[in-house]
4 protein chains.
Amino acid sequence: MGRKIGVLTSGGDSPGMNAAIRAVVRAGIEKGMEVYGISRGYEGLLDGEISQLDRSSVGDIMQRGGTFLMTARSKRFMTEEGQAKAAMMLETFGIDGLVVIGGDGSMRGGLSLAKHGITVMGVPGTIDNDLGYTDYTIGFDTAVATVLDAIGKLRDTSSAHERAVIVEVMGRNCGDIALYSGLTGGAEEVLVPERPFDLNELCRKIVISRNRGKRHNIIIKAEGVDISSAELARQVQEKTGKETKVVILSYLQRGGEPTMRDRLLATLCGVKAAELLADGGSQSKAIGTVNGRIVAYDLEEALQQKRPFDEEMYDMIGVLAK
Amino acid sequence: MGRKIGVLTSGGDSPGMNAAIRAVVRAGIEKGMEVYGISRGYEGLLDGEISQLDRSSVGDIMQRGGTFLMTARSKRFMTEEGQAKAAMMLETFGIDGLVVIGGDGSMRGGLSLAKHGITVMGVPGTIDNDLGYTDYTIGFDTAVATVLDAIGKLRDTSSAHERAVIVEVMGRNCGDIALYSGLTGGAEEVLVPERPFDLNELCRKIVISRNRGKRHNIIIKAEGVDISSAELARQVQEKTGKETKVVILSYLQRGGEPTMRDRLLATLCGVKAAELLADGGSQSKAIGTVNGRIVAYDLEEALQQKRPFDEEMYDMIGVLAK
Amino acid sequence: MGRKIGVLTSGGDSPGMNAAIRAVVRAGIEKGMEVYGISRGYEGLLDGEISQLDRSSVGDIMQRGGTFLMTARSKRFMTEEGQAKAAMMLETFGIDGLVVIGGDGSMRGGLSLAKHGITVMGVPGTIDNDLGYTDYTIGFDTAVATVLDAIGKLRDTSSAHERAVIVEVMGRNCGDIALYSGLTGGAEEVLVPERPFDLNELCRKIVISRNRGKRHNIIIKAEGVDISSAELARQVQEKTGKETKVVILSYLQRGGEPTMRDRLLATLCGVKAAELLADGGSQSKAIGTVNGRIVAYDLEEALQQKRPFDEEMYDMIGVLAK
Amino acid sequence: MGRKIGVLTSGGDSPGMNAAIRAVVRAGIEKGMEVYGISRGYEGLLDGEISQLDRSSVGDIMQRGGTFLMTARSKRFMTEEGQAKAAMMLETFGIDGLVVIGGDGSMRGGLSLAKHGITVMGVPGTIDNDLGYTDYTIGFDTAVATVLDAIGKLRDTSSAHERAVIVEVMGRNCGDIALYSGLTGGAEEVLVPERPFDLNELCRKIVISRNRGKRHNIIIKAEGVDISSAELARQVQEKTGKETKVVILSYLQRGGEPTMRDRLLATLCGVKAAELLADGGSQSKAIGTVNGRIVAYDLEEALQQKRPFDEEMYDMIGVLAK
């Protein structure tokens, strides 16, 4: 008889989570394991919201955004007592392997369960791309696609009105959504939390580009940058004389059908997680992609890695948008 | 020799304006007229930004959002002096017929030119659908499509988190974007400026739907409703205990490729405007669609018509979303 | 106690059928009726695949293409014996009102049930727009949107290669998909079954447009036109010397999320069908939209109406594409 | 004074070519070079269709499909004489560095120019992903996205009708489009030219999945597989009794807005090409991406590399689609 494993999604949802669940379930069953879905993340785990999944329970979900297991924040799980209780609940169901699909906080939650004897596989599900050990996280590609779609729409109308527009995107500590969408969306300027922000330089560029005949200016600003978008717009408008609008994309970036890349990454990570658990190992791992290959690192060590900022891409924006 | 006519876009841009310009230009040339494009609306008219357009100058633009003639607000044109100067400018170029593509304010601007002897054809280009004399305006269908796309994305993530989300859409005096996207997007509640808003009733519905097992609540709120979205979210969350988020779609609604409906309406209105001018008439008209047919009404009278609110659709939302 | 009614989808599926089902179910229940879903059209009816639907059984389906009740062709139902058996099956379930969502053939099937005492409401679900009594059918708007999306993609690559491309769209007897997508997609030529087709004229236009500097030619051809697309391409290429490719959109046109217009039409028709049945009437009706208003005509008479061809739009293509 | 360099697109167009041109032009100018655009590939080169590009000539093109430089096949260039003449033409314009954006054949064309003293940088622009030296080619990600979109639409309608559908995708020698879209689109079966094809096994799977309650079967077939799609459909339908339809996506796969990945790859390759030429080197290179990093290999050696087939992904489809 194969191992019994569980799978849950936790923290903010991201497009591709369903594809990851599907891969865990189907590859897990193929490997002879029983797979249990845990609803509402750690909160549902504490409440015993656990039920077995078969192949057909994950049919037709790969292309859907969100997560059919739902997700939630759990205050109760943040205490040592909660974590012990959660581990006990898994034990009650005979589950000793768990796939946690989520971001940094969710994986740290998994780590706490690992300390109670559960073998935990972390699968990086977050749009923010803010994990140090993996080049990409599941949902990031889709989130950037949503931003690009928005930039396309805003370019039309900004150009018609000869306006500047500030597009606020997600990213509290990590500017990757801003960086990637800015470079590939043809934004004139990208503001990220990793780099200081110089208002005068920004305004200078806007004035210069207008004088060169450019009709619109798209400025991408990560939410983590230390000025509100409204205030930034006010200052830019005052200094440049150019009408400046703000659009905050907010939760739109979390939804939508996952792109091929996100489905693929989710599928490969999910299969890897199932395989590692089926192999009977007891070491908890963080799964991800490095240099285009699927990797599995020690969970604790992986979470300590710092994410480097891509200077080269950042500098390229200045060169190409001019 | 045919008449010389001008075409301009004015006010907020809307998807389909380019399709309307194309139709005016090509149908106008077909009818033997010379067609001049005026850039930046009335502001550009005052500055003499006028140049002749040929068939190929409007190639490959039909599917683009925005307006390649650009648009602007013009304070100078708001005075009688400005209007006289604008009419004189048209006279200088030998233009005695003008197609104005825009909303209510833009058409009123056209009316003032009509009083100086210009024959003006108003083509309804605005996403707001707030003109009384026409069933639909150019851009409305696309704006609703953009809202539906957003609702689809937000449904994923709201459902995963079991949240309510308030989607703020455009519409200061006219709730049509909210109404149409609410009914066809499956929103639980639609708040429009035409109807009073009852917080307790809204919260009751949210509680009841949660108790019936519904995981997400989508509330569409037109910007003209007399409470800020942030404040509304605060109150809903307090009263229902359900986490409630806000997304403000803002200028996204103005952009994007026009839908078939908007291209079609724009094309039919543009052709009609060109035909009426080619017929040599001197009566200014507002062009639109009533009961599926293209109509041309006296411009002044058309602008006095009040837009009725569609009670039936509004009531249907309550029935169908339950 | 309210009436018991059934709802089925029949014939080729079309985007918006789910929205129509949802409207029938929810408006029907609101009016105090019991609503039964019949799977697989008339075939499922004969097999008694009938089950009661509640409000939540039609949750989250409005935006989905296809039909969750499925559809099928039924040879058995084509005989008088089959029709009598089908009517008896409805009687067995106590159902005396039936909403049939489908095209011409499906509605004729409904008519045969009407003759056995069932009150039938026909809701026009077909992408072909080939029904005489209604201006639009459910799914047509979405099908045209799919064609426009394809034209957009093909324009890119045709323009890069300076090619002509023949896009074959659905429409055996009715050229409306070709007509609407051609006019709003900027096609150079539209071939429809309603009009004779002159190869030399087509080739002349291609040569002239190339000489005028146009890089691509998009030719939309309805499948009902009396020459195969491959043969047409061969002849065009031979006569004009211009490389000519064929793309057959086929079943792509049947799928996809319904547009706002299709969801709206489906919703309004579905509600109307439920209302008429709830009013207790026994006259069978065909529901549709004429001049922008929802109408309900006598079913038999409605099916005898011939669809007129829109000459004006057809001629406009020639003028605007030049 | 900087070097004079040229850029051309050749062979079948692919989404992202414009982004690559933009990057070459803007990074090239930044590095102090003069950049010349050559229209219609090698054919245009022979005809001297060469003109200098500045920053603004590549404005607003990154998001467009196709290639604004156009592309063509050139028989004249296939002879040694033609190649010598082309090299001479470049010399006449003072151009000694050339960026060739295209697939295998286009790069081989570049190699022949390299033998006449031109420094050639090959940038991999083809949707087929069939180059051995690079993990991905520009346009591949977008092509797969187009296939996924089609699969989504076909799933709706296949499911409603309980049909099988064969989706024929591009790929004469390389099954990557089929492989990636099949795995991430949830196809039941993927047929690629790299693997033998067993009709009985395919039919067995269809029967088993039907018996397990699956309503639709999506079969992705690369065009290079040694049976026509129509013939395959006929045989499947005969052997399984399941209605089987064919959709051939054809040139749709070449068009559309490039995805983020394609824009990014194009941008990084284009910048790299410009940098290598600006550095004054005279060695011709093929640029691409290996393990997530941009690489530049000797052009001749790169073209000799065989593309490996991803067995692991291929096997995964069988496991996950069951």
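The values are calculated or read from the model by the stated rules, or taken from the named source; none is laboratory data. Please read these numbers as outputs of a predicted model, since none were measured by experiment. Neighbour counts run over all protein chains shown; Cβ positions are idealised from the backbone, glycine included.
Is it the case that some residue within segment B:63-71 is touching a residue at least 24 places away in the same chain (Cβ under 8 Å), under 25 Å from the mean Cα position of the chain (by Cα) and at positive phi?
Within segment B:63-71, one or more residues are touching a residue at least 24 places away in the same chain (Cβ under 8 Å), under 25 Å from the mean Cα position of the chain (by Cα) and at positive phi.
Test of understanding: among A:D141, A:D60, A:D149, A:D104, which residue is touching a Lys or Arg at 6+ places or on another chain (Cβ under 9 Å) and either more than 14 Å from every other protein chain (Cβ to nearest Cβ) or free of Cβ contacts under 8 Å to residues at least 40 places away in the same chain (or both)?
None of the other options fit; the residue is A:D60.
Every residue, every condition in (1) among the β-branched types (V, I, T); (2) within 14 Å of chain B (Cβ to nearest Cβ); (3) touching a strand residue (DSSP E or B) at 6+ places or on another chain (Cβ under 7 Å); (4) part of a helix (DSSP H, G or I), yes or no:
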| position | (1), (2), (3), (4) |
| --- | --- |
| A:A160 | no, yes, no, yes |
| A:R172 | no, no, no, no |
| A:Y180 | no, no, no, yes |
| A:C203 | no, no, no, yes |
| A:G224 | no, no, no, no |
| A:I227 | yes, no, no, no |
| A:Q235 | no, no, no, yes |
| A:G256 | no, yes, no, no |
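Out of segment C:67-111, which residues are crowded, with 17+ Cβ neighbours inside 10 Å and over 26 Å from D:R163 (Cβ atoms)?
Hits for segment C:67-111 are C:A87, C:L90, C:F93, C:I95, C:D96, C:G97, C:L111.
If A:V167 passes every condition in (1) in a helix (DSSP H, G or I); (2) within 10 Å of chain B (Cβ to nearest Cβ) but one, which one does it miss?
Unmet condition: (1).
Hey, does segment B:237-250 have a residue that's assigned to a helix (DSSP H, G or I), closer than 20 Å to B:A143 by Cα and not hydroxyl-bearing (S, T, Y)?
So far as segment B:237-250 goes, no, none of its residues is assigned to a helix (DSSP H, G or I), closer than 20 Å to B:A143 by Cα and not hydroxyl-bearing (S, T, Y).
Return yes when D:E301 is away from chain A (no Cβ under 12 Å) and among the charged types (D, E, K, R) and no when it is not.
yes
Which of (1) crowded, with 24+ Cβ neighbours inside 10 Å; (2) at negative phi does C:G256 not meet, given it meets every other one?
(2)
Can you tell me which of A:A273, A:A321, A:A286, A:A278 is of a type in the set (G, A, S) and out of contact with any Asp or Glu (no Cβ under 9 Å at 6 or more places or on another chain)?
A:A273
Can you find a residue in segment D:123-136 that is touching a His at 6+ places or on another chain (Cβ under 8 Å), within 14 Å of chain C (Cβ to nearest Cβ), at pLDDT 95 or above and under 30 Å from C:A150 (Cβ atoms)?
No: zero hits.
Need the failing condition index for B:G175 against (1) closer than 23 Å to B:V246 by Cβ; (2) in the same structural domain as B:G270 (by TED's automatic domain parsing), just the number.
B:G175 satisfies every listed condition except (2).
Kindly provide the set of residues from segment D:63-101 that are among the small types (G, A, S) and either within 13 Å of another protein chain (Cβ to nearest Cβ) or more than 17 Å from D:T119 (Cα to Cα) (or both), ordered by number.
The answer is D:G65, D:G66, D:A72, D:S74, D:G82.
With the structure loaded, tell me whether B:I317 is in the same structural domain as B:A20 (by TED's automatic domain parsing), of a type in the set (V, I, T) and not in a loop (DSSP other than H, G, I, E, B) or whether it fails that test.
The answer is no for B:I317.
Mind listing whichever residues of segment B:269-298 are buried (at least 22 other Cβ atoms within 10 Å of the Cβ) and either of a type in the set (A, V, I, L, M, F, W, C) or within 14 Å of chain A (Cβ to nearest Cβ) (or both)?
Scanning segment B:269-298 gives B:C269, B:V271, B:A273, B:A274, B:L277, B:A286, B:I287.
Could you tell me which of the residues C:A266, C:A296 is assigned to a strand (DSSP E or B) and modelled with pLDDT of 95 or more?
One residue alone meets the criteria, C:A296.
What about B:T184, is it in the same structural domain as B:R22 (by TED's automatic domain parsing) and polar (S, T, N, Q)?
No; evaluated as a whole, the condition is false for this residue.
Considering segment B:12-35 alone, what residues qualify as being in contact (Cβ under 8 Å) with a residue 40 or more places away in the chain, surrounded by fewer than 22 Cβ atoms within 10 Å (Cβ to Cβ) and in contact with a strand residue (DSSP E or B) (Cβ under 8 Å, 6 or more places away or on another chain)?
B:M33
When you look at D:A160, is it small (G, A, S), without any contact (Cβ under 8 Å) to a residue 60 or more places away in the chain and farther than 29 Å from A:C269 by Cβ, yes or no?
Yes.
Do we find that D:K239 is closer than 30 Å to A:A266 by Cβ and either basic (K, R) or buried (at least 19 other Cβ atoms within 10 Å of the Cβ) (or both) in this structure?
For D:K239, the condition - closer than 30 Å to A:A266 by Cβ and either basic (K, R) or buried (at least 19 other Cβ atoms within 10 Å of the Cβ) (or both) - is not met.
Take A:G256 and decide whether it is among the small types (G, A, S) and closer than 23 Å to A:G182 by Cα.
So A:G256 fits the description; yes.
Is it true that C:D198 is within 14 Å of chain D (Cβ to nearest Cβ) and without any contact (Cβ under 8 Å) to a residue 60 or more places away in the chain?
So C:D198 fails the test.
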